[in-house]
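A quick write-up on the structure given underneath.
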Amino acid sequence: MIKHFFDEILTPNGWRQNQLLDIAENGEILAARDGAAHEADIVHHGFAVPGMANVHSHAFQRAMAGLAEMAGPSADSFWSWRQVMYRFLSAITPDQLEAIASQLYLEMLKSGFTSVGEFHYLHHDRDGAAYADPSEMSGRIIAAAKETGIGLTLLPVLYRYGGFGGEPPQEHQRRFIMEGENFLNLVERLQEACKSEPSCIVGVAPHSLRAVDPTLLRDLIAQVPADMPCHIHIAEQQKEVADCVEWSGLRPVDWLFENVAVDERWCLVHATHIKESGRKSIAQSGAVVGLCPITEANLGDGVFPASVFLKDGGRIALGSDSNIYISLAEEVRMLEYGQRLTHESRNVLGNETNSTGMQIYSKAFLGGHQALGRPGEPGLQVGSRANFVVLDKNHPALIGKSARKILDSWLFAGDNTVVKDVAVDGKLVIRDRHHLEEEAITHRFRRVMKELAAGY
Ligand SMILES: [Zn+2]
């Protein structure tokens with residue numbers, strides 16, 4: 001057991017001063033109590049907050065950040081970005097994927113994320129053939145999570161078709177196309193691989209309504225455990241909505257609720273373009289909407305109706321999706337600023353009880369914990385896993401501020417350098433802004449980027 005001391009800590013019941021956490025070998029919080037620094041094994045002079053889940057990531061896309069910012073001859077859209085992405089992913093090897101994912105997860109930890117939902121669809125070799133070990137690429141994601149120490153919810157993706165109505169896949173989708181049976185075998189293999197990794201959980205991710213057909217989707221849901229996290233991209237783009245209406249007569253979210261029992265295990269990623277009926281269905285179901293504000297802005301997706309969705313009692317979480325930029329603070333800021341620009345108003349997602357930073361952080365923290373199926377009760381309390389982020393009280397953005405202004409000061413006026421120490425399952429993975437394996441991880445990433453970014 002290790003005793004950690006904090007100047008201030010954010011518990012489910014609010015901020016507490018001069019706190020000790022007794023943390024077991026397995027990462028569980030055994031006791032949370034008043035105390036003094038001299039009683040502790042490790043002293044954190046700062047403000048501890050619960051570590052956030054990043055519910056939506058495509059690791060390999062971190063390596064193409066900055067390579068798709070050139071306008072084409074006609075109106076640029078998500079679909080032109082997707083062409084660059086397809087070209088990029090056609091080259092990546094297993095070693096390269098692991099190097100990229102390690103660097104990415106390191107950056108996530110340093111920005112305050114303590115777990116990640118990896119929406120992983122790069123299953124096959126470059127020619128589209130299955131690897132001798134079908135879990136080759138997934139294994140590289142697990143290895144990167146293990147090396148960096150981030151909590152992983154691995155979401156292998158079922159991608160079978162090229163468009164609504166069972167359209168055949170396109171040539172450049174060959175690295176991720178799978179039949180239902182092969183996919184279920186992969187899920188089983190991954191469950192086996194994660195058995196010995198306490199921070200690894202396996203879920204499933206039907207890629208989108210355009211990539212599976214109704215039978216495949218229903219079969220998948222029926223054949224995996226009922227509590228397994230289930231994530232899907234939905235209603236991200238107007239074209240996707242129009243194609244779905246043309247195919248089925250329904251908008252994507254309405255179609256999903258008509259055809260599948262959506263409940264708390266579901267994470268609907270984006271859900272940007274929804275009408276009132278879809279919005280109310282999601283809120284009532286207890287499913288989480290996985291918002292990716294920086295990526296949604298970068299891709300020109302649109303703005304999710306977050307303020308009215310929260311008023312309906314809806315649940316949200318945050319994801320970094322394309323990984324164009326890694327910053328927990330910036331994701332929160334972009335979410336709120338999108339609402340301010342839309343509504344021409346301030347503090348749109350806050351309320352009279354909670355400041356805006358506190359409100360978004362608390363909602364996204366609880367939603368993220370649920371969506372990734374992370375173990376234990378959420379929050380820094382007895383019986384929970386010790387996932388915490390210590391904010392540096394001597395950082396210029398925080399100096400002199402009281403605890404109730406700390407989250408707003410970090411999220412609206414600070415950046416990743418506010419994050420000083422980070423623990424996952426009780427293990428300090430970032431100490432004084434540094435990861436023990438940082439030099440080796442970044443050295444490998446540098447070599448891979450020189451190979452991959454050449455020619456762009
Ligand atoms: Zn995505």
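Going by average Cβ neighbours within 10 Å, how do the peptides 190-200, 110-120 rank, with the highest at the top?
Details: 190-200: 15.7, 110-120: 27.5.
Result, highest mean first: 110-120, 190-200.
How far apart, in nm, are the 7 Å Cα→Cβ label points at residue 133 and residue 17?
For the pair residue 133/residue 17, the computed spacing is 5.4 nm.
Can you tell me the 0 to 90 degree angle between the C-alpha axis of helix 238-248 and the longest principal axis of the chain, rounded to 10?
Helix 238-248 sits at roughly 50 degrees to that axis.
Between the range 245-261 and the range 79-151, how many Å separate their Cα centres?
31 Å
Residue by residue through the range 322-337, which ³J(HN,Hα) values in whole Hz follow from phi under the Karplus form 6.51 cos²θ - 1.76 cosθ + 1.60 (θ = phi - 60°), with glycine and proline marked x?
3J(HN,Hα) across the range 322-337, in whole Hz: 6, 6, 4, 7, 10, 6, 4, 4, 5, 5, 4, 4, 5, 4, 5, 5.
How about residue 3: which lysines have a C-alpha closer than 19 Å to its C-alpha, ignoring those fewer than 8 places off in the same chain?
Excluding near neighbours in sequence, the set is 420, 427.
Name the GluC sites (Glu not before Pro) in the range 44-108 that are in a loop by DSSP and that have at most 12 other C-beta atoms within 10 Å, would you?
For GluC sites (Glu not before Pro) across the range 44-108 that sit outside H, G, I, E and B with at most 12 neighbouring Cβ atoms in 10 Å, the list reads 69.
Restrict the search to the range 1-59; then list the GluC sites (Glu not before Pro) that DSSP places in a loop and that have at most 10 other Cβ atoms within 10 Å of their Cβ. Working shown, then result.
Values: sites: 8, 25, 28, 39; in loops: 25.
Answer by residue number: 25.
Looking only at Cβ-Cβ distances, which cysteines of the chain have no other cysteine closer than 4.7 Å?
Cysteines lacking a close Cβ partner in the chain: 230, 244, 267, 292.
Could you please state, rounded to a whole Å, how far the C-alpha centre of the range 1-45 is from the C-alpha centre of the range 185-208?
Each part reduced to its Cα centre gives a spacing of 32 Å.
Sorted by mean Cβ packing within 10 Å, highest first, what order do the peptides 378-384, 266-272 take? Let's see the in-between values first.
Values: 378-384: 17.9, 266-272: 26.6.
Descending mean neighbour count gives 266-272, 378-384.
With just the Cα atoms defining each centre, how far is the range 379-447 from the range 277-325? Give it in Å.
Cα centres, the range 379-447 to the range 277-325: 25 Å.
If packing is taken as the average number of other Cβ atoms within 10 Å across a peptide's residues, how do 239-251, 407-419 rank, most packed first?
On the way: 239-251: 16.6, 407-419: 21.5.
In descending order of packing, they fall as 407-419, 239-251.
Can you give the relative contact order of the chain as a percent, counting alpha carbon pairs under 8 Å and 6+ residues apart? Mind dumping the intermediate values first?
On the way: 954 pairs, mean separation 95.4, N = 456.
This gives 21 percent for the chain.
Compute the FRET efficiency between residue 275 and residue 36 as 1/(1 + (r/R0)^6), taking r as their Cβ-Cβ distance and R0 = 56 Å, and round to the nearest 0.05. Provide the component values of the computation, followed by the final result.
Values: r = 56 Å, r/R0 = 1.00.
Calculated transfer efficiency: 0.50.
Go through the range 347-456 and name the GluC sites (Glu not before Pro) that are in a DSSP coil and have 15 or fewer other Cβ atoms within 10 Å of their Cβ.
Details: sites: 352, 437, 438, 439, 451; in loops: 352, 437.
The qualifying sites are 352, 437.
What percent antiparallel are the DSSP beta bridges of the range 52-371, to the nearest 5? Walk me through the numbers on the way to the answer.
Details: 1 of 32 bridges.
If I count the DSSP bridges inside the range 52-371, around 5 percent turn out antiparallel.
If I stretch the segment between residue 381 and residue 76 completely, what's the gain in nm (0.36 nm per residue apart, minus their alpha carbon distance), one decimal?
Contour length minus Cα-Cα distance gives 105.0 nm.
Values quoted throughout were computed directly from the atomic coordinates according to the rules given, and no laboratory measurement underlies them. Because the structure is a prediction, the values reported are computed rather than measured. Every residue, glycine among them, receives a Cβ derived from its backbone with ideal geometry; neighbour counts consider all protein chains shown.
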